[in-house]
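Below: one structure, written as C-alpha cells.
The values are calculated or read from the model by the stated rules, or taken from the named source; none is laboratory data. The model shown is predicted, which means the values in this text are computed figures rather than measured ones. Because the Cβ atoms are built from the backbone with ideal geometry, glycine has one as well, and the counts that use them run over all protein chains shown.
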Amino acid sequence: MSNVLILADFVAEKCTKSTVELATAGAGIGEVTALVLAPVGKGAAFAASITQGPITKVLVIESDDFARHGVAAAADALAHVTQELQPAGVLVVSHAFGKEVAGRVAMKLKIGIITDAVEVSTDFTATQLVFGGSTTVHSKVAQGCAIITVRPNTITANFVAATPVIENTTAPISDCSKKATLTSSEPPVQGGRPELTEANIVVSGGRGTNGDFAAVEAFADSLGAAVGASRAATDAGWYPHSHQVGQTGKTVSPALYVACGISGAIQHRAGMQTSKMIVVVNKDPEAPLFELADFGVVGDLFTVLPPATEGVQARKA
Amino acid sequence: MKIAVCVKQVPDSWAEKKMVAGLLDRATVDAVLNDLDEYAIEEALRIAEAHGGNEEGGANTVTLISMGPERASEAIRKGLSMGANDAILVSDSVLAGADAIVTAEVLANVMWKGEFDIVICGTESTDARMSVVPAMMSEKLGCAQLTFASRVEVDPAAKKVSITRVTEAGVDEIYGEFPCVVSVVEKINEPRYPSFKGIMAAKKKTIDVRDFASTGAEFTKSWSVVVDAAPRPPRAAGVVITDDGSAGQKLVDFLLEKKLI
Ligand SMILES: Cc1cc2nc3c(=O)[nH]c(=O)nc-3n(C[C@H](O)[C@H](O)[C@H](O)COP(=O)(O)OP(=O)(O)OC[C@H]3O[C@@H](n4cnc5c(N)ncnc54)[C@H](O)[C@@H]3O)c2cc1C
Ligand SMILES: Nc1ncnc2c1ncn2[C@@H]1O[C@H](COP(=O)(O)O)[C@@H](O)[C@H]1O
C-alpha cells in the first residue's frame with residue numbers, strides 16, 4: 001500500500017483540525033504518517049495531542065532549530081523524511097508557513113508542488129478553485145512525488161480516534177537553513193473564539209461597523225462563530241490584523257459566512273468567495289457583495305443583528 | 001547596496017479571466033503591475049533613500065527583475081517611473097506556462113549573476129496566488145529567507161537585515177545577513193505615485209531583455225501541470241430583502257431552513 005506523509009500542524013502546542021483534514025485526505029490514498037516537528041522536550045506532548053484522524057504512524061523530530069530558524073529548518077526536516085520514506089505524496093496545510101515549507105521542499109527535491117487544493121484524489125490529482133472561485137482546475141504533478149498544500153476547512157475531517165505508532169527520528173538542518181534567525185515569536189491572540197480558518201461559521205465586520213464590533217461579536221457568539229474583518233476595519237485599528245479576511249488576510253471556506261457592513265471589494269472576495277453559504281447585511285442595496293449573497297438584507301447592521309442574535313439564542317434555549 | 005525587486009505583470013484583478021488549453025488566457029485581458037509588488041518597489045526605494053540614495057552617484061541601485069512576455073515591459077516601466085534605476089526582463093517562448101518552480105529557478109539565477117545584496121518581493125502574485133516564489137528563491141540561493149515582512153530594517157555596514165514577520169502563526173522578529181530574500185506585506189508602506197518627472201525619466205531607463213539560455217537556469221519544464229479547467233456554475237441567485245423591522249427574524253428563519261443553527 002502506498003504511503004502518504006503529512007506535516008502535522010500545531011497551534012499553541014496542540015494538533016489542529018487542519019491536521020485531521022490532511023490525514024483524512026491522505027487516508028483515501030494510502031497509510032498516513034504524520035511528521036511532528038517539536039522543540040526539544042516537547043515531542044511526546046505534541047505527538048500526544050494527535051488524538052483524532054486516520055493516522056497510522058507519527059514520526060517525531062525534536063530540535064530547537066525549528067523555533068530558531070522557522071520555515072527553512074522545517075523544510076530541511078520534511079525533505080529529509082520525504083527522501084527516507086519515499087511516500088507517494090506529501091500533504092501540508094495551505095497557510096503561509098505550510099506553503100513556504102512546501103515550496104522549499106519542492107525546490108530542494110526537485111518535485112512538483114500544487115498549492116491551495118480543496119480536494120485530492122487517489123492519483124494525487126488536486127482540485128483548485130481559481131480566479132476568485134469562478135473556475136475549477138485539476139492539476140497533477142508531472143515529476144517526482146507530489147507535494148500538495150490543502151486549504152483548511154475544505155475537506156470533511158474524519159475524527160476517528162487516532163492510535164498511531166509513535167517513533168522518534170532525526171534530520172540534519174543545513175547551515176544554509178540557519179541563515180535566518182528568529183529572536184522572538186508572539187502567537188496570535190485567540191480570544192476564546194474558534195480559529196478563523198477552522199471555523200464552521202464566520203461573522204465579519206467592515207467599515208460599516210464604524211469601529212463598534214459589539215453587534216458583530218454578539219451575533220458571532222450566538223452562532224459559536226469566529227469573527228473576521230475587512231481590511232478597512234483592520235487598517236483603522238478596530239480589529240486585529242490576524243482577523244483580516246481577504247487577499248492579504250486569511251482565506252476562509254466556512255459553511256456560513258456573514259458579512260456585515262462590508263462592500264465586497266475584489267480583495268475581500270478573494271478570501272471568502274468559496275464559503276458554502278453567504279449572508280450579506282449592508283445599508284447600500286448597490287453593494288457588490290450582494291451579488292454573492294444567498295441571503296441578503298438591505299438594512300442597518302445595528303438594527304438587523306441584535307434581533308437576529310436574540311432569535312438564534314432563543315432557538316438554543 | 002545592490003537591491004533587486006522581483007515584479008510580475010499580472011492580469012488586472014477586475015478583469016474577467018478564462019483558461020485556454022489549461023493556461024490562463026493572458027492575451028485578452030488588461031495587464032498591470034502586480035499591486036503587491038508595488039509595496040516591494042516602495043520598500044526598496046525607502047531603504048535606498050535611507051542609506052545614501054539611488055540617484056546618479058548614489059550609494060545604491062534598485063533593479064527590477066521580471067520574468068514574463070515582452071509585454072511585461074509595460075508593467076516594468078511603471079516601477080521605473082516610481083524610481084527604480086534599471087530592469088532585467090527574462091522573456092523567452094520556452095518559458096510560456098512556467099510554474100512557480102521554474103520561475104524561482106530562473107529568477108534565482110539572475111540574482112546570482114547580479115550579486116544582489118537584498119532581493120525584495122511581494123507576498124503573492126494576484127494571478128497565481130501561491131506565495132511560494134520568494135521561499136523557493138531563497139532555498140535555491142541558499143540565503144536567508146526573510147518573508148512576510150511588515151517592517152524591514154537594514155544595516156548596510158553590518159550587512160544585516162531584520163524584519164517583523166506577520167502571518168497567521170503570529171508575529172516573529174527575524175534577522176539575517178546579505179544576501180537575503182525579503183517579501184513584504186501590504187501593511188508595510190504606502191507606494192508612491194510616479195511623478196511626471198519620474199515618468200519622463202523612466203522612458204530613458206534600460207530594460208535588459210534576456211533569453212532563457214543566458215540565465216544559466218537548469219530547467220524549463222514545469223513539474224506541475226493542469227489536467228483540465230472549467231468554469232464553475234455561477235452561484236445560484238440568492239434572496240435579498242429590505243429590512244422592514246423583521247429582517248433579523250427572517251435571517252434566523254433562513255439559517256434554520258439551511259440547518260445552520
Ligand atoms: C493590495 C491590497 C490588498 C488588499 N487586501 C484586502 C484584504 O485582504 N481584505 C479586505 O477586506 N480588503 C483588502 N483590501 C481593501 C479592499 O480593496 C477594500 O478597500 C476593503 O475591503 C473595503 O472594506 P469595507 O468593505 O469594510 O469598506 P467599504 O468599502 O467602505 O464598505 C463599507 C460598507 O459598509 C456599508 N455600511 C455602512 N454603514 C453600515 C451600517 N450601519 N449597516 C450596514 N452596512 C453599512 C456601506 O454601505 C459599505 O458598502 C486590499 C486592498 C489592496 C490595494
Ligand atoms: N514571473 C515573475 N517575475 C518576477 N517576479 C515574480 C514572478 N512570479 C513571482 N514573482 C515574485 O514572487 C512574489 C510571490 O509570487 P507567487 O509565489 O507567484 O505568489 C511576487 O510578488 C513577485 O515579487
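Taking (1) facing chain B (nearest Cβ under 7 Å); (2) under 16 Å from B:Ala128 (Cβ atoms) in turn, A:Lys108 satisfies each apart from (2). Residues in region A:1-23 that are in contact (Cβ under 8 Å) with a residue 60 or more places away in the chain and out of contact with any helix residue (DSSP H, G or I) (no Cβ under 8 Å at 6 or more places or on another chain): how many? Adding up the residues that qualify gives 11. Against the criterion of being of a type in the set (A, V, I, L, M) and more than 8 Å from ligand 1 (Cβ to nearest atom), A:Val245 does not qualify.
Of the residues making up region A:274-305, those that are within 12 Å of ligand 1 (Cβ to nearest atom) and either in contact (Cβ under 8 Å) with a residue 24 or more places away in the chain or facing another protein chain (nearest Cβ under 10 Å) (or both) number 19. Determine if region B:69-79 includes at least one residue that is touching a helix residue (DSSP H, G or I) at 6+ places or on another chain (Cβ under 8 Å) and in a loop (DSSP other than H, G, I, E, B). No, region B:69-79 contains no residue that is touching a helix residue (DSSP H, G or I) at 6+ places or on another chain (Cβ under 8 Å) and in a loop (DSSP other than H, G, I, E, B). The sole residue among B:Val119, B:Val94, B:Val62, B:Val102 that is touching a helix residue (DSSP H, G or I) at 6+ places or on another chain (Cβ under 6 Å) and within 14 Å of chain A (Cβ to nearest Cβ) is B:Val119.
Assessment of region B:28-49 against the conditions (within 30 Å of B:Val225 (Cβ to Cβ), in a loop (DSSP other than H, G, I, E, B), at pLDDT 90 or above and of a type in the set (A, V, I, L, M)) yields no matching residue.
Would you confirm whether any residue within region B:110-124 is within 11 Å of ligand 2 (Cβ to nearest atom), out of contact with any Lys or Arg (no Cβ under 6 Å at 6 or more places or on another chain) and more than 24 Å from B:Leu45 (Cβ to Cβ)? Checking region B:110-124: not a single residue is within 11 Å of ligand 2 (Cβ to nearest atom), out of contact with any Lys or Arg (no Cβ under 6 Å at 6 or more places or on another chain) and more than 24 Å from B:Leu45 (Cβ to Cβ). Of all residue pairs spaced 6 or more apart or on separate chains, those with beta-carbon atoms under 7 Å, a first member in region A:216-244 that is over 14 Å from A:Arg193 (Cα atoms) and a second member that is assigned to a helix (DSSP H, G or I) and of a type in the set (D, E, K, R) are A:Ser230/A:Arg207; A:Ala232/A:Arg207; A:Ala233/A:Arg207; A:Gln244/A:Arg231. Would it be correct to say that A:Pro188 is surrounded by fewer than 15 Cβ atoms within 10 Å (Cβ to Cβ) and in contact (Cβ under 8 Å) with a residue 40 or more places away in the chain? Considered against the rule, which asks whether it is surrounded by fewer than 15 Cβ atoms within 10 Å (Cβ to Cβ) and in contact (Cβ under 8 Å) with a residue 40 or more places away in the chain, A:Pro188 comes out as no. When A:Ala161, A:Ala199 are checked against the criterion of being hydrophobic (A, V, I, L, M, F, W, C) and crowded, with 17+ Cβ neighbours inside 10 Å, a single residue qualifies: A:Ala199. Quick check: anything in region A:197-214 of a type in the set (S, T, N, Q), within 9 Å of another protein chain (Cβ to nearest Cβ) and at negative phi? Yes, region A:197-214 has at least one match. Selection of region B:190-223 for residues being more than 15 Å from ligand 2 (Cβ to nearest atom), closer than 19 Å to B:Lys78 by Cα and within 14 Å of another protein chain (Cβ to nearest Cβ) yields only B:Glu190. Among the residues that make up region A:252-268, is at least one of them under 24 Å from B:Lys258 (Cα atoms), crowded, with 21+ Cβ neighbours inside 10 Å, in contact with a helix residue (DSSP H, G or I) (Cβ under 9 Å, 6 or more places away or on another chain) and at the interface with chain B (Cβ under 8 Å from one of its Cβ atoms)? Yes - at least one qualifying residue is present in region A:252-268.
Can you find a residue that is closer than 13 Å to B:Asp37 by Cα and within 14 Å of ligand 2 (Cβ to nearest atom) anywhere in region B:81-97?
Checked region B:81-97: at least one residue is closer than 13 Å to B:Asp37 by Cα and within 14 Å of ligand 2 (Cβ to nearest atom).
Would you please name the residue that is farthest from B:Thr63 (Cα to Cα), looking only at residues in region B:31-43 that are hydrophobic (A, V, I, L, M, F, W, C) and within 11 Å of ligand 2 (Cβ to nearest atom)?
B:Leu36
Residues in region A:205-229 that are over 26 Å from A:Phe10 (Cβ atoms) and among the small types (Gly, Ala, Ser): A:Gly205, A:Gly206, A:Gly208, A:Gly211, A:Ala214, A:Ala215, A:Ala218, A:Ser222. Filtering region B:169-178 to residues that are surrounded by 19 or more Cβ atoms within 10 Å (Cβ to Cβ) and more than 16 Å from A:Lys178 (Cβ to Cβ) leaves only B:Ala169.
Filtering region B:126-141 to residues that are surrounded by fewer than 24 Cβ atoms within 10 Å (Cβ to Cβ), more than 16 Å from ligand 1 (Cβ to nearest atom), more than 7 Å from every other protein chain (Cβ to nearest Cβ) and not hydrophobic (A, V, I, L, M, F, W, C) leaves nothing.
Of A:Thr154, A:Thr197, A:Thr136, all but one fail to be under 30 Å from A:Asp300 (Cα atoms), among the β-branched types (Val, Ile, Thr) and at pLDDT below 95; the exception is A:Thr197.
Starting from residues that are buried (at least 20 other Cβ atoms within 10 Å of the Cβ) and not small (Gly, Ala, Ser), keep the ones in region A:1-15 and report whichever is farthest from A:Val71 (Cα to Cα). Across region A:1-15, the extreme among qualifying residues is A:Val4.
Scanning region A:234-248 for residues that are at positive phi and within 9 Å of chain B (Cβ to nearest Cβ) returns no hits. Among the candidates A:Ser204, A:Ser253, A:Ser263, A:Ser177, the residue that is modelled with pLDDT under 95 and hydroxyl-bearing (Ser, Thr, Tyr) is uniquely A:Ser253.
Can we say A:Asp123 is in a helix (DSSP H, G or I) and touching a residue at least 12 places away in the same chain (Cβ under 8 Å)? Spell out how you get there, then give the answer.
On the way: in a helix (DSSP H, G or I): no; touching a residue at least 12 places away in the same chain (Cβ under 8 Å): yes.
No: the conditions fail for A:Asp123.
Restricted to region B:224-261, and to residues there that are under 29 Å from A:Ala314 (Cα atoms), among the basic types (Lys, Arg) and part of a loop (DSSP other than H, G, I, E, B), the residue that is farthest from the other protein chains (Cβ to nearest Cβ) is B:Lys259. The set of residues from region A:113-150 being surrounded by 24 or more Cβ atoms within 10 Å (Cβ to Cβ) and facing chain B (nearest Cβ under 7 Å) comprises A:Ile113, A:Ile114, A:Thr115, A:Ser139.
Evaluation of B:Lys140 against the conditions (1) more than 20 Å from A:Thr183 (Cβ to Cβ); (2) within 12 Å of the chain's Cα centre (by Cα) shows that the sole unmet condition is (2). When B:Ile163 is tested against (1) under 19 Å from A:Lys108 (Cβ atoms); (2) more than 10 Å from ligand 2 (Cβ to nearest atom); (3) aliphatic (A, V, I, L, M), only condition (1) is not met.
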